[in-house]
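As structure tokens, the structure follows; a few thoughts come after it.
The values are calculated or read from the model by the stated rules, or taken from the named source; none is laboratory data. Everything numeric here is computed off the predicted structure, so don't read it as measured data. With ideal geometry, Cβ positions are generated from the backbone for all residues, glycine too; neighbour counts draw on all protein chains shown.
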């Protein structure tokens, strides 16, 4: 059967993607600086090989023949996913794939030092090539579809989403978010809390992070925790690699970063094994993926119920059992404090959408050719002042250079973060309806029913359903931003 030939061919591709994922993790986590040029060249060759396999001439006939075969419902969806992957790969010429891999690797590696040194001039030199090639990719993909250039890039990460829908969703958020932020600031100004004081030894922080990962069901026989300049979850479902970064003055940065990445990891570790290696067996979208990390970090871990579990663990493993800051009420107040700040990855969930919308608006204009790289710092500063009242003039390190995404060529990715927060709020509301006394069970450390709900409704579905179908099956309706608004209002404004 031609479908079986396609099945075996894409399993082969998945093996090379496995190597690429582990090489990428190694490059970010443990590779010495001097190895980057050789690693970049090797990974570029690997990316071309994967591209060649994904665009192999025989796939045309195999796909056409498979479409005439008698397939079951899941095989039919799998064939559609294979065809989509094949079409996306065929849009790009091999020399562009090679050029992008090299440019992205060079820019991303240099960014690690350039950001530390606030070196915008050096960074933008490398970024110029990344943007040039991303625009070329967007132009090619748009020409092959009915999408705009930015929509064509967005579709790679969030199938079915487009700027028209995003402008409605984000436009609505912008109507109430500034008021929510100000009201939360006024409420918290009337409250006091004790900020835990460091230093917190990195070894103890790692031990705490791993203990919480275990509580959250992370499978250490199929994954590990390491350090990188920018926290991420990589690898493959059978070998998931989480990274974080530690700050001895603030243990919660690393801890909640670990919890966030554990949400990604649990999704990967519980994808449908019967579809492993095939596009249909992968996560549905980056927004759905992000919903899992934010479900863990925001919906679950920052709740008062989970805080009850976390406080004794943190106090014991950090040697702070007599520390007055380590009480449930105090750490809950610390973990839900709202603060206008520069750094997206450290932002609270109330100000976080402002960081994402800012990036979406800038990268969309950049890919569409409405602005140039030299316009980014001033535009970033303008939007930061408008959305959060902060100036980043001259502060590139904590402004437009803080993220790894553009350095790595990931244009169209940022909207997934706030979409993920919206999905997560809706998913938790559905789980709360489905599981009797869920919050009491969380407080008691009984998380098994919650994780089983996630596995049944999200993780084990892979890409068998569209995003709207997935959300409707899991929650009873497609994405509805009212759950996100209600969650923020309940957590940050209920004290009024």
The listed residue being under 30 Å from residue 334 (Cα atoms), surrounded by 19 or more Cβ atoms within 10 Å (Cβ to Cβ) and in contact with a helix residue (DSSP H, G or I) (Cβ under 6 Å, 6 or more places away or on another chain), out of 281, 263
263
Within segment 149-161, does at least one residue satisfy the condition of being surrounded by fewer than 17 Cβ atoms within 10 Å (Cβ to Cβ) and without any contact (Cβ under 8 Å) to a residue 40 or more places away in the chain?
no
Are any residues in segment 457-478 in a helix (DSSP H, G or I) and within 19 Å of residue 262 (Cβ to Cβ), and if so, which ones?
457, 459, 460
Out of segment 311-343, which residues are touching a residue at least 60 places away in the same chain (Cβ under 8 Å) and within 28 Å of residue 358 (Cβ to Cβ)?
333, 334, 335, 336, 337, 338, 340, 342
Of the residues in segment 463-474, those that are within 19 Å of the chain's Cα centre (by Cα) and surrounded by 17 or more Cβ atoms within 10 Å (Cβ to Cβ) number 4
For residue 382, indicate whether it is in the same structural domain as residue 421 (by TED's automatic domain parsing), touching a residue at least 60 places away in the same chain (Cβ under 8 Å), surrounded by fewer than 19 Cβ atoms within 10 Å (Cβ to Cβ) and under 22 Å from residue 171 (Cβ atoms).
no
The listed residue being without any contact (Cβ under 8 Å) to a residue 12 or more places away in the chain, closer than 27 Å to residue 30 by Cα and assigned by TED's automatic domain parsing to the domain that holds residue 422, out of 189, 203, 229
203
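How many of the residues making up segment 479-496 are over 13 Å from residue 426 (Cα atoms) and in a helix (DSSP H, G or I)?
Within segment 479-496, residues that are over 13 Å from residue 426 (Cα atoms) and in a helix (DSSP H, G or I) number 4.
Within segment 65-72, identify whether any single residue is closer than 30 Å to residue 139 by Cα and outside any helix (DSSP H, G or I), and answer yes or no. Let's see the steps before the verdict.
Of segment 65-72, the ones closer than 30 Å to residue 139 by Cα are 67.
Going one step further and asking which of them are outside any helix (DSSP H, G or I), we end up with 67.
Scanning segment 65-72 turns up at least one residue that is closer than 30 Å to residue 139 by Cα and outside any helix (DSSP H, G or I).
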Do you know which of the residues in segment 318-342 that are part of a helix (DSSP H, G or I) and surrounded by fewer than 19 Cβ atoms within 10 Å (Cβ to Cβ) is nearest to the chain's Cα centre (by Cα)?
334
Based on this model, can you work out whether residue 460 counts as surrounded by fewer than 23 Cβ atoms within 10 Å (Cβ to Cβ) and farther than 20 Å from residue 264 by Cα?
no
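Return the only residue of 353, 377 being within 29 Å of residue 149 (Cβ to Cβ), surrounded by fewer than 20 Cβ atoms within 10 Å (Cβ to Cβ), in contact (Cβ under 8 Å) with a residue 60 or more places away in the chain and in contact with a helix residue (DSSP H, G or I) (Cβ under 7 Å, 6 or more places away or on another chain). Show your work before the answer.
Values: 353 fails: surrounded by fewer than 20 Cβ atoms within 10 Å (Cβ to Cβ).
Result of the check over 353, 377: 377.
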For residue 345: the one exception among (1) surrounded by fewer than 20 Cβ atoms within 10 Å (Cβ to Cβ); (2) in a helix (DSSP H, G or I); (3) at pLDDT 95 or above
(3)
Residue 21 vs. criteria under 21 Å from residue 283 (Cα atoms), assigned to a helix (DSSP H, G or I) and touching a strand residue (DSSP E or B) at 6+ places or on another chain (Cβ under 7 Å)
yes
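Yes or no: residue 114 closer than 30 Å to residue 462 by Cβ, in a helix (DSSP H, G or I), assigned by TED's automatic domain parsing to the domain that holds residue 29 and out of contact with any strand residue (DSSP E or B) (no Cβ under 7 Å at 6 or more places or on another chain)? Before the answer, list the steps.
On the way: closer than 30 Å to residue 462 by Cβ: no; in a helix (DSSP H, G or I): yes; assigned by TED's automatic domain parsing to the domain that holds residue 29: yes; out of contact with any strand residue (DSSP E or B) (no Cβ under 7 Å at 6 or more places or on another chain): yes.
Spelling it out, it is not the case that residue 114 is closer than 30 Å to residue 462 by Cβ, in a helix (DSSP H, G or I), assigned by TED's automatic domain parsing to the domain that holds residue 29 and out of contact with any strand residue (DSSP E or B) (no Cβ under 7 Å at 6 or more places or on another chain).
Listed here are the residues, each with its yes/no results for (1) within 28 Å of residue 26 (Cβ to Cβ); (2) touching a strand residue (DSSP E or B) at 6+ places or on another chain (Cβ under 7 Å); (3) free of Cβ contacts under 8 Å to residues at least 60 places away in the same chain; (4) surrounded by fewer than 17 Cβ atoms within 10 Å (Cβ to Cβ).
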residue: 84; (1), (2), (3), (4): no, no, no, yes
residue: 126; (1), (2), (3), (4): yes, no, no, no
residue: 142; (1), (2), (3), (4): no, no, yes, no
residue: 167; (1), (2), (3), (4): no, no, yes, yes
Exactly one of 131, 173 is at pLDDT 95 or above, under 29 Å from residue 469 (Cβ atoms) and touching a helix residue (DSSP H, G or I) at 6+ places or on another chain (Cβ under 7 Å), and that one is 173
Looking only at segment 222-233, decide whether some residue is assigned to a helix (DSSP H, G or I), modelled with pLDDT of 95 or more and surrounded by 15 or more Cβ atoms within 10 Å (Cβ to Cβ).
yes
